[in-house]
Amino acid sequence: MNTSATAESVVAGPETGYERPNYLNAEYGISSWLLTRDHKRIAILYLVSVSIFFAIGSLFAMLIRLELLTPEGDLMQPDTYNRVFTMHGVVMVFLFLIPSIPAVLGNFLVPIMIGARDLAFPRINLASWYIYNLGGLFVLYAMVNGGVDTGWTFYTPYSTSYSNTHVIATGLGVFIIGFSSIFTGLNFVVTIHRMRAPGMTWFRLPLFIWSHYATSLIILLGTPVIAITILLVAVEKAFRLGIFDPKLGGDPVLFQHLFWFYSHPAVYIMILPSMGVISELIAAFSRKKVFGYKVVAFASIAIAVLGFLVWGHHMFVTGQSIYAATVFSVISMLVAIPSAVKVFNWTATLYEGSISYQTPMLYALGFIGLFTLGGLTGTMVATLGIDVHLHDTYFIVAHFHYVMVGGTIMGYLGGLHYWWPKMTGRLYPAFLSRLSALLVFVGFNLTFFPQFILGYLGMPRRYWAYPEEFQVFNVLSTAGASILGVGFILPLCYFIWSMRYGKKSGDNPWGAIGLEWDTPSPPPTENFYTVPVVTHGPYEYNPEEVHERTSHPEARVG
Amino acid sequence: MASTAYDRHLEGLAAPHGGHHPSLQHQFDSLEQQKESSTLGMWMFLITEIMFFGGLFTAYVIYRSTLHGVFAEASHELNVTLGALNTAVLIGSSLTMALAIRAAQVNRQKLILLFLVLTILLGTTFLGVKTIEYRDKFHHHLVPGPHFAPAEAALQQVADKAQIFFSLYFIMTGIHALHMIIGIGVLLWLLVLSWKGRFDSTYYNPLECAGLYWHFVDIVWIFLFPLLYLIGAHTH
């Protein structure tokens, strides 16, 4: 669909009748995409794949919400329900939330933002896309053959000794997908270290880069641990070993330690890139330098480091030592500090800024709201006594959806709306996009806020039926999910529409500052005509300059 | 690691940057930047490898501390002589690997080939010895799973605990052996490139990266050998 859009734009560029050479019209044909080593094209490939898996994951979410519309388990059998919520979790976590922002926006923007021609290892970058899809195929294979019913957490010994569903195929899928994130993270770290343009010092890097750097560190240090853990599960199941099965002498709690050592930091793999996007959006649409730039940058690193020290808070009721639990509880609360620093600094950036409520900015403001609520409930469940009450209830479900989904999706969609003109050279309809941002925000809150109440009242997660007194909140939640669904379908439609019919955006429709806005839209294959030389920090906004920078003033109207 | 294969495709494309080294890829400004990048990339990859084996070593440490006596007893079933032999073989292969890089640095093309072949042979020897050890374990019913039946009376009583030791033994040495096989594959590929005269003192980065990987796999074994073979030594 991308090639057709470019073909069209070459024929009929309205302004000049001539399309500058860019990464989209550099080559044509399916093999020019499937064998490309251009980070921008690989980002588009990822965008397509990630969107497909998001749609699949959403389908399972829809089934869950439909089942929970009524107290009786009437839509499906309990076994089926177990598989549905497991597949929802596996697909959304491993195939959407983790790769979404780094592999799509990060891939596209990291080299451009630091003034490089490409990532350090373009072939590895392309390989990561193929590996991602291969892992996705394993998960799909398991799905069409009946799925998995262990929950996305694969807890032992159920997963290794009792479940007769496709644990091994799904596990291998997750194992393989891990390699694709490792390749992406490795590429980012090396590129950011070694390929910055002249004058691009560490403290002139956009915060988007800082947060992707922190994310990459987590990917490099965490992903191998889930890889070996899942491998042990697969081996234990395939050869009937007893590494985690207590009946055979093993220790199931060890599995949980190893699993959460990755899977807690994985939450920060999802949220940190989103925070990077938000920093860019807040600065661009309030025309101000990000307040306390260095502190925000180091807050990303602090979150990455602290994130590795809190995995035990998933195991408060598992039977770990009370001393360990206390320490994990305290460190978990410490994560609130760098997170709050970010929220406060974004808010301070807004103060006395000249704010314009463009679509990306609506997502950014929505992010701050959702993330604050998700983060505050996070400190709640980090408290030992409260967690014992709330563990395994819908309160937890609501909390992690606020952080992971509210956080990541708002950043992902906000970022897509912000850089879409850069990626395609086209604008999308302003009113529809604002409407969809509003729908996402309203729909999200209506879906997940009632779940806080449900959980607090004691509705456990992962049940397919529930007592009647919980129905009203579940109906609200399902209604919210329908609104949310519309909010996701709208952007899909107008983004595809805009590739062919959207107005030409010009190089810098937002009048924003950053190396990516100093190069044409869409950028040429080597990103810049001449190697940029950086002489100032990332957010040096001053009013007159901004006016000159705006290449497409009507984009900013209304 | 893959940065090395990319160059040939780009020989044709390198023309716009005129007069550059044929192995310089388009996204880099200089061979030095390319070298620094791929070396850093290799180190990052090795960090992921450390975390990967780290998960296994963590499992080992946990079970070793809770099942100390069982592990010491089970360790006696391993063949220390073959393990020691393999340790020597692997350290030797690290030496020849380092010498191959040295040969490239001083432009001795034939020596590169010789040392690469020696490294590959030593690596294969290691795998051969490992195969013999694995075969013995099968014969003695020491492979964990439904057919696990140690002959040693002391192990029979704690069979469910002892199988954890052997599970870890097979998984850790198995994954290590898999790394050896991948390493030998990489070295064979570098052998072909060296045969074509691709490496000299201006460009030998692929050799260096492969060397880093090879030494890493070697070091993993240096930890595996005492932790698996020698922990029972003082009890007999």
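The values are calculated or read from the model by the stated rules, or taken from the named source; none is laboratory data. Values in this document were obtained by computation on a predicted structure and should not be read as measured data. Positions of Cβ are generated from backbone atoms using ideal geometry, with glycine treated the same way; all protein chains shown enter the neighbour counts.
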For this session: Being within 11 Å of A:ILE269 (Cα to Cα), facing chain B (nearest Cβ under 8 Å) and of a type outside the set (Asp, Glu) narrows it down to one of A:LEU220, A:LEU232, A:LEU241, so name that one.
Result: A:LEU220
Exercise. Considering only residues of segment A:188-242 that are of a type in the set (A, V, I, L, M) and not in a helix (DSSP H, G or I), which is farthest from A:TYR541 (Cα to Cα)?
Worked result: A:LEU241
Exercise. So A:LYS503 fits all but one of (1) surrounded by fewer than 21 Cβ atoms within 10 Å (Cβ to Cβ); (2) over 22 Å from the mean Cα position of the chain (by Cα); (3) within 27 Å of A:MET87 (Cα to Cα); what number is the exception?
Worked result: (3)
Problem set entry | The one condition in (1) in contact with a Ser or Thr (Cβ under 7 Å, 6 or more places away or on another chain); (2) under 20 Å from A:VAL277 (Cβ atoms) that A:ARG194 fails to fulfil | (2)
For this session: Mind listing just one residue for me: the one in segment A:328-355 that is surrounded by fewer than 16 Cβ atoms within 10 Å (Cβ to Cβ) and of a type outside the set (A, V, I, L, M) and, of those, nearest to A:GLY414 (Cα to Cα)?
Result: A:THR347
For this session: Name, by its number, the condition in (1) touching a residue at least 12 places away in the same chain (Cβ under 8 Å); (2) surrounded by 13 or more Cβ atoms within 10 Å (Cβ to Cβ); (3) among the hydrophobic types (A, V, I, L, M, F, W, C); (4) farther than 26 Å from A:ILE228 by Cβ that does not hold for B:LEU121.
Result: (1)
Exercise. Would you call B:ILE175 in contact with a Leu (Cβ under 8 Å, 6 or more places away or on another chain), over 30 Å from B:ILE101 (Cα atoms), within 14 Å of chain A (Cβ to nearest Cβ) and assigned to a helix (DSSP H, G or I)?
Worked result: no
Exercise. Residues B:ILE181, B:ILE91: which one is within 16 Å of the chain's Cα centre (by Cα), closer than 30 Å to A:ASP245 by Cβ, surrounded by fewer than 16 Cβ atoms within 10 Å (Cβ to Cβ) and more than 14 Å from chain A (Cβ to nearest Cβ)?
Worked result: B:ILE181
Problem set entry | Matching entry among B:VAL143, B:VAL186 (being farther than 24 Å from B:GLY83 by Cβ and in contact with a Phe, Trp or Tyr (Cβ under 9 Å, 6 or more places away or on another chain)) | B:VAL186
Exercise. For segment A:247-359, list the helices (runs of 4 or more DSSP H) that sit wholly inside it and hold at least 2 residues that are within 20 Å of A:GLY537 (Cα to Cα); which are they?
Worked result: A:252-286, A:293-307, A:336-350
Problem set entry | Positions within segment A:413-468 being surrounded by 22 or more Cβ atoms within 10 Å (Cβ to Cβ), more than 20 Å from A:SER274 (Cα to Cα) and of a type in the set (A, V, I, L, M), in sequence order | A:LEU454
Exercise. Within segment A:110-139, how many residues are crowded, with 23+ Cβ neighbours inside 10 Å and among the aromatic types (Phe, Trp, Tyr)?
Worked result: 3
Exercise. Do you know which of the residues in segment A:248-266 that are closer than 23 Å to A:PHE96 by Cβ and of a type outside the set (A, V, I, L, M, F, W, C) is nearest to the other protein chains (Cβ to nearest Cβ)?
Worked result: A:TYR262
For this session: Counting only residues that are modelled with pLDDT under 95, touching a Pro at 6+ places or on another chain (Cβ under 8 Å) and surrounded by fewer than 19 Cβ atoms within 10 Å (Cβ to Cβ), give me the helices (runs of 4 or more DSSP H) lying completely in segment B:1-78 with at least 2 of them.
Result: B:6-13
